[in-house]
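Peer 1: Structure incoming, see below.
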């Protein structure tokens, strides 16, 4: 949760630095409110918040971070990692694998 003081610090400045923009945009996203409602509640112009949200999205390429579900199971005699990619596709990686090899396998499956 983003502290209100951090939002107020960024909200009251005439110009925001990127760090301040990130704080205010993150606080808006965590609030669950519409952009306009949140901006007004924080005494920030809605266009300013929209501009920063767009600017930060452009800098990240608009790509969201993807997380995959993980399930921990009791260790077997041979340590390994099992990755369920969905659609019935599973990848089992033995201990001591090379990360570059796993990346190539995932790229070949179109999942990297």
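The values are calculated or read from the model by the stated rules, or taken from the named source; none is laboratory data. These numbers come from a predicted model, not from an experiment. Note: ideal-geometry Cβ built from the backbone for every residue, glycine included; neighbour counts use all protein chains shown.
Peer 1: Return yes when residue 71 is within 21 Å of the chain's Cα centre (by Cα), at pLDDT 70 or above and assigned to a loop (DSSP other than H, G, I, E, B) and no when it is not.
Peer 2: Answer is yes for this residue.
Peer 1: Go through the range 30-47 and count every residue that is surrounded by 13 or more Cβ atoms within 10 Å (Cβ to Cβ) and in contact (Cβ under 8 Å) with a residue 12 or more places away in the chain.
Peer 2: 3
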